[in-house]
1. How much length is gained on full extension from residue 11 to residue 79, taking 0.36 nm per residue of separation minus their Cα-Cα distance?
2. Helix-only mean residue ellipticity at 222 nm, the chain, DSSP H runs n ≥ 4 weighted -39,500 (n - 2.57), per residue, nearest 500. What is it?
3. With a ≥ b ≥ c taken as the square roots of the eigenvalues of the C-alpha gyration tensor of region 33-129, please select rounded if a/c is under 1.5 and otherwise prolate if a/b is larger than b/c or oblate if it is not?
4. Could you tell me which of rounded, prolate or oblate describes region 12-62, using a ≥ b ≥ c as the square roots of the eigenvalues of the alpha-carbon gyration tensor, with rounded for a/c under 1.5 and, failing that, prolate when a/b is larger than b/c and oblate otherwise?
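None of the figures in this text is laboratory data; all of them are computed from the coordinates on show. Computed from a predicted model, the values in this text were never measured in an experiment.
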């Protein structure tokens, strides 16, 4: 990864819990502070992709496995609250080999914009974490 370490340099310096999971993905245990004084942590995963010779940041946060516990109409309503993020389904394989679809909050953000404005990049990370956490809290009563 050629862009994420530089974009996260200030966050590394502040001591945030950011780890390189593999050659393609960083995880950030992102702290969310609420108006009522409570706080929660939300894992956000950051990677890089190249699409049509342009570099993008792939920012995502896992919400839950898609199941009957999640109402599709509620998810669509929540998706409308994101400005740059979206709610999506992504297939993945669990550690036991089971194929499932996970619900994620995610954003694909141009590296060029992130480099020009680190605050905009951090706002996107915050939005992805916040949307995922809000759905977990409101509909599932969990903190993944």
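1. Result for the pair: 21.7 nm of gain on full extension.
2. Estimated from H runs of four or more residues: -7500 deg cm²/dmol.
3. oblate
4. It comes out prolate by the Cα gyration axes.
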